[in-house]
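Notes to accompany the following structure.
The values are calculated or read from the model by the stated rules, or taken from the named source; none is laboratory data. Predicted model only: the values in this text are computed from it and were never measured. Don't worry about glycine lacking a Cβ; one is built from the backbone with ideal geometry, like all the others, and counts go over all protein chains shown. The protein model used for the area step is the full one, side chains on, heavy atoms only, and it has no ligands, DNA or RNA in it. Shrake-Rupley method; radii C 1.70, N 1.55, O 1.52, S 1.80 Å.
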Amino acid sequence: MAGKLPESLDKPIMPGPKREAVPLEDADVGTSSEDYARRFTGAVGRWFVETQARITLGVLGALPMGASILDVGGGHGQIAPPLIEAGYEVTVAGSHPVCSARLQPWIHNGRCRFDVVDLQALPYGEASFDAVVCLRLLPHSIDWKNLVRELCRVAARSVVVDYPSVRSANILSSQLFAMKRGIELNTRHFMTFSPGEIHSAFKEAGFIVRAERPQFLIPMVVHRLGKRALLSRALEVPGRLLGLTRWFGSPIIVRADRQATRV
């Protein structure tokens, strides 16, 4: 790797927690691909990513400058660059070397570290990072509850994840999947979650959900079909003003804090 990493990024890779032989957690291979990135091109796609980054940075806003953040499954490159630009020291954990492709500019100039790891048994000690971020992985995980436990284990203060909520149009996701694939072409089956399930999983790991930020009231596939970011922005305003997005919006970005710790 060219360039010198900040000292706090130079964390040793240690053996992760032992687990039985199970399938590899490798959904990030797909989300790190150029094919997946094309879903977020154009004005509407950029708006999706900008909204996600703005909310994520907002819920992490109380972290001090230079705080260490582990981005698990972040080879999609949607959040690591904004975190770097915000002044955080970022390590991205991926399941395969190919997942680093979209992060090469930041890796080569020493502004980001990339580790190939077992995402279900992270090779870091307890509380190794100030915060852990994991976007676009939970709904495709082979064992999402264990993934949450691992994210919490290595986070000293906070964990941020996103998930598609069942309290939204996602309640019809199975019935509408064929239509969604016809529009997006490369969409995959995904799990949906209730807020209660998410809260419970974090509580079992010793964390408490402190912030929940739904992103969109109107399904993302509908915004993609419209292909007009300005119109999509305008259509989302009434739902936010009326409080509908808060109750029925999705995906939801959540920040959970280690108990007895407030950010």
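Miscellaneous remarks
- Residues of the range 213-263 that are of a type in the set (Asp, Glu) and under 19 Å from the mean Cα position of the chain (by Cα): 257 alone.
- Meets criteria (open to solvent by 10 Å² or more (accessible area, probe 1.4 Å), of a type outside the set (D, E, K, R), farther than 15 Å from residue 68 by Cβ and assigned to a loop (DSSP other than H, G, I, E, B)) for residue 142: yes
- Qualifying positions in the range 59-87 - of a type in the set (A, V, I, L, M, F, W, C), buried (at least 24 other Cβ atoms within 10 Å of the Cβ) and either outside any helix (DSSP H, G or I) or in contact with a Phe, Trp or Tyr (Cβ under 6 Å, 6 or more places away or on another chain) (or both): 69, 70, 72, 79
- Looking only at the range 42-58, residues that are open to solvent by 60 Å² or more (accessible area, probe 1.4 Å) and of a type in the set (Ser, Thr, Tyr) come to 0 in all.
- Those residues of the range 92-114 which are in a helix (DSSP H, G or I) and of a type outside the set (A, V, I, L, M, F, W, C), in sequence order: 97, 100, 102, 104, 105, 108
- Across the range 186-202, the qualifying residues are those that are out of contact with any helix residue (DSSP H, G or I) (no Cβ under 8 Å at 6 or more places or on another chain) and of a type in the set (Ser, Thr, Tyr), and the one among them that is modelled with the lowest pLDDT is 194.
- In the range 29-41, the count of residues that are open to solvent by less than 60 Å² (accessible area, probe 1.4 Å), without any contact (Cβ under 8 Å) to a residue 24 or more places away in the chain and among the aliphatic types (A, V, I, L, M) is zero.
- Any chance residue 90 is over 26 Å from residue 118 (Cα atoms), modelled with pLDDT of 95 or more and open to solvent by less than 30 Å² (accessible area, probe 1.4 Å): no
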